[in-house]
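To start, the structure itself, in structure tokens.
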Amino acid sequence: MSPSRKSAKKAKPDSEFERAESAAQFIFSKTDLRPQIALVLGSGLGAFADEFENATKIPYAEIPHFPRSTAIGHAGQLVLGVVGDVAVAGMQGRVHLYEGYSAKEVIFPIRVFARMGVKAVILTNAAGGIKREFVQGQLVVLKDHINLQGVSPLSGPNDERFGQRFPDMTVAYDRRFRELTVGEGNRNRIGLYEGVYAALPGPSYETPAEIRYLRTIGADLVGMSTVPEVIAARHSGIRVLGISCVTNAAAGILDQPLDHKEVLETAERVKSQFIALLKIVIPRIAAELGG
Ligand code: HPA
């Protein structure tokens, strides 16, 4: 072992802030783009990043301290590129608590975005539909969430450089982003609902009794992601747009078992509409940030 490795081993481990900073600097060393908007592309939705112009693709495995996704349907790379005239960073796949990652690991990419100067994140996911009006393939703009994952990514000592100890969550999902997304959906004949997303740890799907419970407490959708990222983004003042694709009716609504294959098939079917919506919304969000 070289002397420098030896002394590095003795040194105090880097804090989350320093790790995020070094990941951000690594990403900046690969491209001249400096995006203000980042996207997290959930199950089966990563294809959008393949359409970015002027793209630089960075596998998660190369980015210092970045977690690697193991779920099927998640490519595991960060793509920086241009959509319309807007520089964006897109995550092709995320990591989840059910993969065994801690909540802090799950939100590390959001910490990195914060250090990169990102001002808005668009978080997408596949979700089960609890509200009966939601058809398979329905796109739903998130208006609020219920955290039933049993953990917060902000547990533990607070680093004020990211944000304050007790972040406000009254309007976690940016009102203006929601309005403009629903407006563009209407204008472009992409029927959008708004809904409340309940996050569970997974990986088993819910029982019918759990779905009845979730409906009673005000949830319209259920999934296994997104909420930790929203909490981390709001902690750092990053504005959030969340969009779910209802890939299946939640457990017990139809008389049939749930299957991850169905989730991916529905996401695949709706992909082009989802991408069309994102292409319309990104320049509007960029204008919103600039104005
Ligand atoms: N439950 C939880 N997560 C999901 C579902 C579901 O029904 N569909 C897609 N992700």
Between 0 and 90°, nearest 10: helix 16-28 axis offset from the chain longest Cα axis: 90
Most mobile listed residue (267, 198, 276) in the chain, GNM with C-alpha springs under 10 Å: 276
With all protein chains modelled, accessible area of residue 162 [1.4 Å, Å²]: 10
Cα gyration tensor shape of the range 165-223, rounded if a/c is under 1.5, else prolate or oblate by comparing a/b with b/c: oblate
C-alpha center-to-center spacing [the range 15-38, the range 239-291] in angstrom: 27
Pairwise Cα inverse-distance average, inverted: Kirkwood Rh of the range 22-179 (Å): 16.9
For the range 158-286: rounded, prolate or oblate by the Cα gyration tensor [a/c cutoff 1.5]: oblate
Dipole of the chain, positive end: most advanced residue of 40, 69, 107 [Cβ charges, Cα centre]: 107
Gaussian network model of the chain, springs between alpha carbon atoms under 10 Å - residue of 161, 239, 111 with greatest fluctuation: 161
Tensor-based shape of the chain (alpha-carbon gyration tensor, a/c under 1.5 rounded, otherwise prolate or oblate): prolate
Highest-fluctuation residue, 215, 269, 187 considered, GNM on the chain with Cα pairs under 10 Å: 187
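Express in nm, to one decimal, how much length is gained between residue 56 and residue 28 on full extension, taking 0.36 nm for each residue of separation and deducting their alpha carbon distance.
On the way: separation 28, 0.36 × 28 = 10.08 nm, distance 1.06 nm.
The span from residue 56 to residue 28 would gain 9.0 nm if fully extended.
Between residue 158 and residue 213, how high is the FRET efficiency from 1/(1 + (r/R0)^6) when r is the Cβ-Cβ distance and R₀ = 45 Å? Nearest 0.05. Don't skip to the answer; put the middle values down first.
Values: r = 32 Å, r/R0 = 0.71.
Computed FRET efficiency for residue 158 and residue 213: 0.90.
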Among 56, 193, 267 - extreme Cα towards positive end, dipole of the chain, charges at beta-carbon: 56
Accessible-area value, residue 131, 1.4 Å probe, nucleic acids and ligands omitted, Å²: 70
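The values are calculated or read from the model by the stated rules, or taken from the named source; none is laboratory data. Small disclaimer: the values here were computed from a predicted structure and weren't measured. Cβ atoms come from the backbone with ideal geometry, glycine included; neighbour counts cover every protein chain shown. In case anyone asks, the SASA skips ligands and DNA or RNA and just uses the protein heavy atoms, side chains included. Shrake-Rupley method; radii C 1.70, N 1.55, O 1.52, S 1.80 Å.
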